[in-house]
Amino acid sequence: MKSATLLNVGLAAVMASALALPASAAKPARAVSVVAGRPWMNASLAPPARVALLLPRMTQDEKQTLVVGYFATSFRAQKFLAPAGSREGSAGYVPGVPRLGIPPQWQTDAGIGVATQGAAERKRERTALPSGLATAATWNRTLAFSGGAMIGSEARASGFNVMLAGGANLVREPRNGRNFEYGGEDPLLAGEIVGAQIAGIQSNGIISTLKHFAINDQETDRNQGNAIIDPKAARLSDLLAFEIALEKGDPGSVMCSYNRVNGPFACENPWLLTDVLRKDWGFKGYVMSDWGAVHSTEASISAGLDQQSGFPFDRKPYFGADLTKALAEGRVAKGQLDQMVARILFAMFKHGLFDRPIISASDDLPDAMLAKDAAVSRADEAEAIVLLKNEGGILPLAANTKHILVIGGHADKGVIAGGGSSLVYPKGGNAVPGLKPVMWPGPVMYYPSSPVEALRRRLPGATIDYADGTDPAQAAALARSADVAIVFATQWTGESFDVPLTLDAGGDNLIEAVSTANPHTLVVLETGGPVLTPWAGKVSGILEAWFPGTAGGEAIADVLTGRVNPSGHLPVSFPASLDQLPHPEAPGKGEFKYDEGARVGYKWYDSRSLTPAFPFGHGLSYTRFEFSGLNARVAGGAIKVRFSVRNTGSAAGKAVAQLYAAAPGWESPRRLVGFDKVALAPGRTGQVALSIDPRLLADFDATARCWRVAPGQVRLELGDSSANLTQSTTLALAPGAIAKSAALCRSGTAD
């Protein structure tokens, strides 16, 4: 979503001439009910049948009502008032058609919870999950679903039936300011986790939106930049993440992105919206635009866009007055409008907007609900925290530790959140108000969950002091007398800007000074993504906590003290230096030439024999795990893999088993092809069974637009990171061994 400042130019004139709602949408719709004369309200009918009954009853004006969405937050200084019937402070509103019982679409951001736009006079106080990247770091599909179900339930209780989540863009550019919203650098991991979250959201009878489609990998020049990528490479990387998320989550809507892709804008790109999304993937729902991402009427509609969202962020009412004129002049056929409306209605029927209507909207949620939901967020963060380093077993903190000095990161007050349209305002307000920027893409938000206070509750026998860290020399002097020094280091990121891979406020210098003064120094990182860690060799321990969410301070303290055994693993590689990146230069304007193709993240490092600071999949534990018995076979046309995981240490913990494959001719030495998270008590062994998606062992045939599995030998490797693989076996793929599916090529050898 764009900044409010984009509304400044000519807004009053645009609103007066073009924003008037259609007559059919003049009044907010009341809750719908099954009444005589509305056969489409028969919930026992399949969605296509219900659409077929309803669509012919609609006038052209009523059809056009559904294809235009409006921004739902007033900007009084710019003379923009949100439409009647919208939820003030929210992302969007699509009026309903009361005559036919079609409910409005009340839309809320975003993937971590029910957001409030910054211009709103009153902020909704809601529960924030940890960042999307943090949830990906759990490698836990069940947690992702639970988190989605939780924020979806708060969305519904708040009066929303469309949630603009989740984001499946790959971390192709690690400096992207919105990486915290996404699912990491690997298409399987991102697709599975984001898909699970979408399914959780939609379990509440609301629509979730898969975004930002596609190749939207940096914020610099995001409204005009042209992502240049080989179509085959895109299908093996960024698009595969979306494809998997679409299959696992079944979202009602897909949001096209701001940027261009190989020339055309994403929201008027027939290759993306028609060839890939609808023809190849069979998507039946509707495509909405990002707020301000529409540039045409005929071209967008012909490409496959169904709904212009967030007007007046666009220059013109392309799907409003301009569409009316285009229909009258025959430049857009009435059948095209019918198709757009049919897709919207299909999603609304399928995902419960008719049958589970929103009856009311709550400004304030019950404290009991918020407490229960905070526990969901805390559990997510506890499994998201990645123990990057633990030299000498400094963690967990010993119960008899006498003196701990906590330094920096406003850890005495709370934990940081990402900025932009996804920002959730917490119960109790901002713990550190006034930090700049206070307006878009701010405010800089700290959730009131203090790691310092949480540590004091867990270690009542210890003296725990706090220093703000603004003076590194003073912090170092204080650290000398502490048994353990814990530096909290932050990196604020957000929508509309990209960031260097460095910590905020001289964090690197602070860590350097403190670790020089005290060899027992721990670092807790609260970042939007990977950062450079030039001080890693001097500190004893490092935790990556990401943006920790509503109860983040409690979860961090749980891990530091051993109440929770860390089980997070990196969903993204941490580079050792900028020159290791495919594009060391800062994100720029114009064309983004992704000549690295499908070699994103660890695939790039492996293909260039580079050693990152911390590899994809890395994560330590307070116990040890051992893998054994790796076995793979093709049975019944499917690829089955089995192995054992044993907890050989003295503490209960959760292992993240990662299965990689390698074969000649691939874009990189290995690909992640399977994973599972296994909870084990000390000395216990668990059995794991995985099925490998054939696409992960295939090459994409760009001419035939399908996946082709070549016969031959595939090496499978098992371990706990992309760089620590301790078991291997060979799988022989004979011609015709893998069962046919819609995705695999119909002719060839091993399909």
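The values are calculated or read from the model by the stated rules, or taken from the named source; none is laboratory data. Since this is a predicted model, take the numbers as computed values, not measurements. Note that we place each Cβ from the backbone using ideal geometry, even for glycine, and neighbour counts take in every protein chain shown. The accessibility values were calculated without ligands, DNA or RNA, using every heavy atom of the protein model including side chains. Shrake-Rupley method; radii C 1.70, N 1.55, O 1.52, S 1.80 Å.
Annotations
- 5 angstrom amide H check on residue 706, placed H, neighbours 5+ away: 701
- With both labels modelled 7 Å from their Cα along Cα-to-Cβ, the residue 691 to residue 369 distance reads 3.7 nm.
- Relative contact order (%) - the chain, alpha-carbon pairs under 8 angstrom, separation at least six: 13 percent
- Full-stretch length increase - residue 339, residue 38 - with 0.36 nm per residue and alpha-carbon distance subtracted: 106.3 nm
- Cβ-derived FRET efficiency at R0 25 Å, residue 400 paired with residue 480, nearest 0.05: 0.75
- Label-point separation in nm, residue 49 to residue 61, each point 7 Å along Cα→Cβ: 3.3 nm
- Cα gyration tensor shape for region 279-407, rounded if a/c is under 1.5, else prolate or oblate: prolate
- Counting DSSP beta bridges with both ends in the chain, the antiparallel % (nearest 5): 60 percent
- Were the residues from residue 473 through residue 650 laid out at 0.36 nm apart, the gain over their Cα-Cα distance would be 59.8 nm.
- Antiparallel content of DSSP bridges confined to region 162-306, in %, to 5: 10 percent
- Packing around the peptides 554-563, 717-726, taken as the average count of other Cβ atoms within 10 Å per residue, puts them in this order, highest first: 554-563, 717-726.
- FRET E, pair residue 585, residue 315, Förster distance 30 Å, beta-carbon r, rounded to 0.05: 0.45
- Solvent exposure of residue 351, expressed as accessible area, is near 20 Å², computed with a probe of 1.4 Å over the protein chains only.
- Helix-only mean residue ellipticity at 222 nm for the chain, each DSSP H run of n ≥ 4 adding -39500 (n - 2.57), per residue, nearest 500: -7000 deg cm²/dmol
- Set of lysines near residue 316 by C-alpha distance (under 28 Å), chain-local residues within fewer than 8 positions excluded: 2, 27, 63, 79, 211, 284, 325, 334, 589
- By definition, a body whose alpha carbon gyration tensor gives a ≥ b ≥ c is oblate when a/c is 1.5 or more and a/b is not larger than b/c, and region 213-372 fits this oblate description.
- The gain in end-to-end length when the residue 638 to residue 457 segment is fully stretched comes to 60.0 nm, 0.36 nm per residue minus the alpha carbon separation.
- With both labels modelled 7 Å from their Cα along Cα-to-Cβ, the residue 262 to residue 77 distance reads 4.3 nm.
- Amide H contacts of residue 208 (H built 1.01 Å from N, in plane; Pro and chain starts excluded): 163, 252, 253 sit under 5 Å, all sequence-distant by 5 or more or on other chains.
- Rounded to the nearest 0.05, the FRET efficiency derived from the C-beta distance between residue 247 and residue 684 at R0 = 25 Å is 0.15.
- Cα pair count fraction exceeding 53 Å, expressed as % - the chain: 9 percent
- For residue 89, the residues whose amide H sits under 5 Å from its own are 73, 74, ignoring neighbours fewer than 5 places away on the same chain, with H placed 1.01 Å from N.
- Debye log10 I(q)/I(0) for region 114-183, one point scatterer per Cα, at q = 0.19, 0.24 Å⁻¹: -0.87, -1.16
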